Amino acid sequence: MAGPLTGMKVIEMAGIGPGPFCAMVLADLGADVVRVARPGVAPDPLDVLARSRMVLNLDLREPQAVQEVLSLVAQADVLIEGFRPGVMERLGLGPDVCLARQPRLVYGRMTGWGQHGPLAHAAGHDINYIAISGALHAIGREGEAPVPPLNYVGDFGGGAMLLAVGILAALHETRQSGRGQVVDAAMTDGAALLSSMMYGFKAAGQWSNHRGDNMLDGGAFFYDTYACADGRHVAVGAIEPQFYALLREKCGIANDPVFDAQMDRQAWPVLKLRLAEVFRTRTRDEWCALLEGTDACFAPVLDWDEAPEHPHNRARQTFTHLQGVLQPAPAPRFDRTPADAPHASAVSTPDAVRARWQTAI
């Protein structure tokens, strides 16, 4: 493995969603990640989140399997688990036991509700966690129900990415103190944190509780998506005056005085209808030829098949293939310690992992 995290040894307790995504990000950047999975679970090329791992098939109901994990903990830098609070303790792999084996261990815990609180032991999914943060209420069209933003805000943004940040922060502190600690990453906390700017706007009287009434939620006509003559869509985000002026010029509406009222919220609904009429006059590709690459803050809305073929994504090699499966490449990029391309996961044994990690030391 190559990358800025080369030498980091991570144990991942196999789960779904944010835990695997966090482990994938660490593995992509060079960490040596060992995934502990149930017996019979084989690496699947279609499970993109499970790439670049060694896999140990262990039945944690067996005392010997628990001891195998603890033997790896003694050599590890990080452990990631995403079970409900108390499950790891019942398995005999709770933080106290693991930190006794490896005092420098960073023990990352990924849950929806967090390790404590009235809802800590309840079941849930991304949509539930972002609902109580305020984020879900803000996403959607005026007069319509809130729209789930896939699982980006809770699972991956507010969950996995903040767990990764927490793990790296804890490892930095460990270099100074020589002591590990528990990182409690709750998606409810993370989704709220991702909403920091909106809470600031709300306090300043610049954001309302009404969906589709604000600058960044589709309320502003200059920050929205529009259908083209061929039924495809484009995305416009011309907020700043100079970018808005260029958009008007390119769209042929620079001399239409009705569009002078950019920041008049009362005019937004009418201006949105007018701009929608403009975009319906050409196909998406025709608008791309006119606007893409300019400062009009424009982009085509691409589907899953189109995105990998976009010239910008191809130039940056944003996507890659692994075992015939198209998938996003590791990010971000590093100039001095670039990461390797993802590799296929493979089943291993505790003895092989211990030997590998001992050699790394």
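The values are calculated or read from the model by the stated rules, or taken from the named source; none is laboratory data. Since the model is a prediction, treat every value here as computed from it, not as a measurement. Cβ: placed from backbone, ideal geometry, glycine included. Neighbour counts: every protein chain shown.
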- Cβ-Cβ under 7 Å pairs, at least 6 apart or on other chains, region 282-297 side farther than 12 Å from Ala238 by Cα, far side among the hydroxyl-bearing types (Ser, Thr, Tyr): none
- Note on the structure: Just one listed residue, out of Ile139, Ile132, is modelled with pLDDT of 95 or more and in contact with a helix residue (DSSP H, G or I) (Cβ under 7 Å, 6 or more places away or on another chain), and it is Ile132
- Count of residues meeting criterion [surrounded by 14 or more Cβ atoms within 10 Å (Cβ to Cβ) and over 19 Å from the mean Cα position of the chain (by Cα)] in region 314-324: 2
- Query: How many residues are surrounded by 13 or more Cβ atoms within 10 Å (Cβ to Cβ) and part of a strand (DSSP E or B) when one looks only at region 327-361?
  - Reply: 3
- If you check Val147 against the conditions, is it assigned by TED's automatic domain parsing to the domain that holds Gly190, at pLDDT 95 or above and under 15 Å from Pro18 (Cα atoms)? no
- Within region 141-150, residues being buried (at least 16 other Cβ atoms within 10 Å of the Cβ) and either touching a Gly at 6+ places or on another chain (Cβ under 7 Å) or assigned to a helix (DSSP H, G or I) (or both) number 1
- Item | Top-ranked residue in region 64-81 [being over 10 Å from Leu91 (Cβ atoms) and of a type outside the set (A, V, I, L, M, F, W, C); ranked as surrounded by the fewest Cβ atoms within 10 Å (Cβ to Cβ)] | Gln64
- Note on the structure: Within region 279-299, residues crowded, with 17+ Cβ neighbours inside 10 Å and closer than 11 Å to Tyr226 by Cβ come out as Phe279, Arg282, Arg284, Trp287, Phe298
- Message: Of the conditions (1) closer than 24 Å to Thr349 by Cβ; (2) outside any helix (DSSP H, G or I), Leu46 satisfies every one except a single condition; which number is it?
- Response: (1)
